[in-house]
1. Among 283, 401, 476, which residue has its Cα positioned farthest towards the positive end of the charge dipole of segment 251-598, with +1 placed on the Cβ of Lys and Arg, -1 on the Cβ of Asp and Glu, and the dipole taken about the Cα centre?
2. For the pair residue 497 and residue 204, what calculated FRET efficiency results from E = 1/(1 + (r/R0)^6), where r is the Cβ-Cβ distance and R0 = 25 Å, to the nearest 0.05?
3. Taking only the alpha carbons of segment 97-242, what extent do you get along each of the three principal axes, in Å, biggest first?
4. In sequence order, what are the phi-derived ³J(HN,Hα) couplings for segment 299-308 according to the Karplus relation 6.51 cos²θ - 1.76 cosθ + 1.60 with θ = phi - 60°, rounded to whole Hz, with x for glycine and proline?
5. Under unit Cβ charges (Lys, Arg +1; Asp, Glu -1), what dipole magnitude, rounded to 20 debye, does segment 59-187 have relative to its Cα centre?
6. Of 217, 129, 102, whose Cα points farthest to the positive end of the dipole of segment 97-242 (charges on the beta-carbon: +1 Lys, Arg; -1 Asp, Glu; origin at the Cα centre)?
7. Report P(r) for segment 200-313: all Cα-Cα distances, bin width 10 Å, range 0 to the bin holding the largest distance, values in whole percent.
8. May I ask you to evaluate 6.51 cos²θ - 1.76 cosθ + 1.60, the Karplus curve with θ = phi - 60°, for each residue of segment 100-116 and list the ³J(HN,Hα) values in order in whole Hz, giving x for glycine and proline?
Amino acid sequence: MESEAVESEAVDSKAVDSKALESGAVESEAVEPAGDLSAGHLSAAQDRATGGGPSWRAATPPLEAGRRYRYRFHAAGADGRGRRSRWFEVCAGEWRSDGGTLRVDGPDPVVPGTAEWFVSPEGAHRVRFALALAPQEHVVGFGERFDRVDQRGHALDAVVFEQYKDQGATGRTYLPMPFAMVVGGRGWGFHVRTARRTWFDVGASTPDRLLVEAEVGPEASLELAVYEGPPARVLDAFLAEVGRPEELPGWVFRLWASGNEWNTQARVLAEMDRHRAEDVPVGVVVIEAWSDESTFTAFRDAEYAVHADGSPHRLADFTFPPDGAWPDPKGMVDDLHSRDVKVLLWQIPLQKMRPHPRGQARADAEVMVREGYEIKEADGRPYRNRGWWFPLALMPDLTDPKARAWWLAKRRYLVEDVGIDGFKTDGGEHAWGGDLRYADGARGDEGNNRYPVHYAAAYGELLRDCGKAPVTFSRAGFTGSQAHGCFWAGDENSTWAAFRHSINAGITASACGVLYWGWDLAGFSGDVPGAELYLRSTAMACFSPIMQYHSEFNHYRAPLRDRTPWNLASRTGDERVLPVFRAFAHLRERLVPYLTEQARTGLPLMRGLFFAHPGDPRIWDRPAQYLLGDALLVNPVTEPGATTWDTYLPEGRWADVWSGQVHEGGAVVTRDTPVDVIPVYCREDHWPRMREIFTP
């Protein structure tokens, strides 16, 4: 493949950084595979679109700032025939000290003289500047981050990204935020007030500088909010600006159960029967494979008349065959409610278009396009999902009040008639492309990151309007998501590394104000985890805001990959699995009142030790330790084969919740850790009221 750059006077152009381009004409041998583009669904889809091989990148000759160019690609196919792409246009830009306005709300930490603007004839495109870092300061936040708690010495960006598994290895995340707190020095934090993409070099290039770079829009301005004080005060100021978590009912703190192959009413009820038979209390069942996966509103096998105008159905409009997958959805939900089990149904914010839709799905797609309810490309065409998951699907524009009302009305009967209690709001990260157009006037460069916020908020609005608590369960989010429901840490493999990364995710998401957070304990993907990983993960999940297990679709192949404790016991042959899981499930039930009380404190439930002890440098030696509310310090066992585990106890006096032994803080303590024990310590002044939870 060859590329060439040719000067042109094209008006519609995109800016590139002239300083970042290499010199010299590009020949075929200078074109190299872009190795990092395989990280994530979208990139994988792009790779497959080119025949399964890698994507490619090339260096251009030097470009003169301010001049327009065009280029195209030449390629030789396998048949030996040469091919040429259409012409593309680009305009070279440059970094300058002028070009826009950087405003600081609060004490100004910007290093003088570091603010620069990337400018082309079309205007300013980016701004970058530096913040000073003191030697002892640690930087935590940026949304849910899997790779580490303290980002000092590393670089990252903030863009919603569908990173399917291995988030800890790639640095990508479904739930980023351009917010962080700086701990260990004078105490401060910052929020880059934008929904556009931002980049952060946290002392990676220059040890005493935090470098910020951000896209800007036509207004050529950016605002940086700066907060002073310890972490709790910084977070409080941030949440006052972007929205605080809404209190949810106590049942969200009970055990959640789910499996992608629980795809019939009989199977769901059988699994709930098994929970009861095995004396494993469960509070929530999440049913993913309930719908026809065409409309995402009708139960699979349901019979009904198509509403050609796209108007909503009610439960009475459906007939459910007695021998079908879901013969009586309302009866099932009523049965589960009689067992004190709440029900969530899975959703996706897409109108499926492949294979070619028929029936109600076709009618709904036609309504979306005719009424303009979908997100649009810059030229007004409907946006078609570019990812591999439900490719080419339409995506409802939830910033449009009419589109949102239409989309939610089609799901209202599930709440009002069937009686479900919430939605698993999966897949909010499918909007790709900076030129997309939203009804509220936003382009994709700012609207795409906001989409998952609007998504969870819309479903919460539906639930609230139907008299239910706004319980949504999302994986994607951005600034503002704190106010909308519960979150889980996306899809992960059943590995020890993923376990460790999930703990980082919980601590960092909580540091940004996400209150109701959980993960698929021991992972949901691949073969079942070993008994030790499963039980260590169960123990940690018991002391997380949301405790839930889940497993991926495995095409009904035997042996089962369900993450139920009885399946794990059967698959591993380890007789400890079921009794230990049962014990933690009962402990979780006893923790519910404490978790419900602590959710009202205004602080995150799961919080790093830096919240209470920001000036203690020793807490950073063990960043996976965290507080669960005001009373408990949790230190998960994250290495296989560990028989003892060290815990650093900060100042104060701490009671071991399993033995009652009291330890003086400011020291490392070691305790035995069989698989039914996770190191947990209670502040001594809370121990009298907490003791009965652990010694019923």
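1. Final value for the positive-end residue is 476.
2. Working: r = 22 Å, r/R0 = 0.89.
It comes to 0.65.
3. Largest first, segment 97-242 extends 40, 38, 32 Å along its Cα principal axes.
4. Values, residue by residue: 5, 4, 6, 5, 10, 6, 7, 5, 8, 4 Hz.
5. Details: 18 positive and 16 negative charges, 141 e Å.
Value, rounded to 20: 680 debye.
6. 129
7. Once binned at 10 Å, the Cα pair distances of segment 200-313 give 9, 19, 19, 17, 23, 12, 1.
8. Ordered by residue, 3J(HN,Hα) equals x, 10, 10, 10, 10, 9, x, x, 7, x, 5, 5, x, x, 9, 6, 9 Hz.
Any read-out appearing in this document is the output of simple, stated calculations on the displayed coordinates, not a laboratory observation. The structure presented is a predicted model; accordingly, all values stated were derived computationally and were not measured. Neighbour counts run over all protein chains shown; Cβ positions are idealised from the backbone, glycine included.
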